[in-house]
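This report concerns only the one structure given below.
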Amino acid sequence: YNIDVSILSSDLDYAGGVKFGMMVAELFGNEQDDSAAIEYLREHNVKVEVLGYVL
């Protein structure tokens, strides 16, 4: 994918013996490449939430 990624924050934790984590990342690319990267993550069972857009 023709994008650059900046990881703004991340966290790993355990709850009930289950490991889970979250990461906030900023994608830099054109809209088509960003959408393709997000779709790839979703297809691999990564929950993705788009927080907003900056133009």
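Could you please find all residues in the stretch 1-29 being in a loop (DSSP other than H, G, I, E, B) and surrounded by 10 or more Cβ atoms within 10 Å (Cβ to Cβ)? Hits for the stretch 1-29 are Tyr1, Asn2, Ile3, Gly29. Restricting attention to the stretch 16-42, the residues that are among the small types (Gly, Ala, Ser), touching a strand residue (DSSP E or B) at 6+ places or on another chain (Cβ under 9 Å) and free of Cβ contacts under 8 Å to residues at least 24 places away in the same chain add up to 2.
When Ala25 is tested against the conditions (1) modelled with pLDDT of 95 or more; (2) touching a Ser or Thr at 6+ places or on another chain (Cβ under 8 Å); (3) not acidic (Asp, Glu), the lone failure is (1).
The values are calculated or read from the model by the stated rules, or taken from the named source; none is laboratory data. Given the structure is predicted, the values throughout are model-derived calculations rather than measurements. Ideal geometry is used to build each Cβ from the backbone, glycine not excepted, and the neighbour counts take in all protein chains shown.
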